[in-house]
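Inspection log for the structure reproduced underneath, given as structure tokens.
Derivation of every value follows stated rules applied to the coordinates shown; laboratory data play no part. In this text, all values refer to a predicted model and were calculated from it rather than measured experimentally. Ideal geometry is used to build each Cβ from the backbone, glycine not excepted, and the neighbour counts take in all protein chains shown.
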Ligand code: HEM
């Protein structure tokens, strides 16, 4: 299967090839693969760091979206969680560099890894430039946070584009769709919530019937376009519901922009994690 986009580090920096090959025998890679701790322990550290990032970002973001721990002000949640979030970001980079040194050639030639690095960059920008200052200001979005939202958001969308246009990893977009779909359940309210859930269930049932009964499950030529259509429909439904939540919920900590910051700051790390997992499948 040919790749529609092939945005790997090898593609952009072909001259680094021999340096990358040499990394596998570097002292760092030998240490990571060695008997002390061992490769698997560093990978566990990578995932634990991801859990810290995910947990803290979701709690902070949900509060800005008017859900989750609403008994506390956003700035209180930010103050309680910022240390753990810092630990997660530092931890994921340190463990990433360690396990990455032992896998350098694979990462060098992986579009999934490129997406992950775009998410790391935009995740740091959106988290530190936008989500945290907005939470610390109880939902007020400063001019600088708007600038960071624009820059981080653009890199995030570019990463999403690379992910969804690269064969083999594009299916990982279902992680992002699932995360967005789940976030909207606590964030929507009243009739909007039930209408949203009913639409999602209808789409899931329709996709199942269409791809398991109407079309034979091994008829890939016909399944692929149908699945792509459903993926787009999920996207439209979720983005539509998300847009409604931006302008609803009087009394929430922040306005539409604060909520947009929250959605972006959560989903950018989900996309990064999906791309990280998909390195193995490419
Ligand atoms: C300097 C930054 C990073 C480097 C060098 C790095 C490197 C790696 C490597 C080498 C793997 C193993 C890939 C494989 O063989 O399958 C991996 C896995 C993974 N990474 Fe990263 N990573 C970094 C940052 C991140 C970030 C920011 C996230 C999350 C947003 C992340 C999430 C993951 C996940 C979910 C896996 C899959 C683990 C598994 O399946 O066991 N990584 N990473």
Answer yes if at least one residue in segment 258-280 is surrounded by 15 or more Cβ atoms within 10 Å (Cβ to Cβ) and either without any contact (Cβ under 8 Å) to a residue 12 or more places away in the chain or more than 23 Å from residue 57 (Cβ to Cβ) (or both), and no otherwise.
-> no
Would you pick out the residues in segment 109-125 that are surrounded by 22 or more Cβ atoms within 10 Å (Cβ to Cβ) and more than 8 Å from the ligand (Cβ to nearest atom)?
-> 110, 111, 112, 114, 115, 118, 122, 125
Looking at residue 133, is it more than 14 Å from the ligand (Cβ to nearest atom), surrounded by 22 or more Cβ atoms within 10 Å (Cβ to Cβ) and more than 18 Å from the chain's Cα centre (by Cα)?
-> no
Matching residues in segment 30-49 (away from the ligand (no atom under 11 Å from the Cβ) and over 27 Å from residue 82 (Cβ atoms)) number 8
Does any residue in segment 161-183 that is closer than 17 Å to residue 62 by Cα come within less than 8 Å, Cβ to Cβ, of a residue that is outside any helix (DSSP H, G or I) six or more places away or on a different chain, and which pairs are these?
-> 183/65
Extreme residue, farthest from the chain's Cα centre (by Cα), among residues of segment 154-181 that are surrounded by 18 or more Cβ atoms within 10 Å (Cβ to Cβ) and outside any helix (DSSP H, G or I) | 166
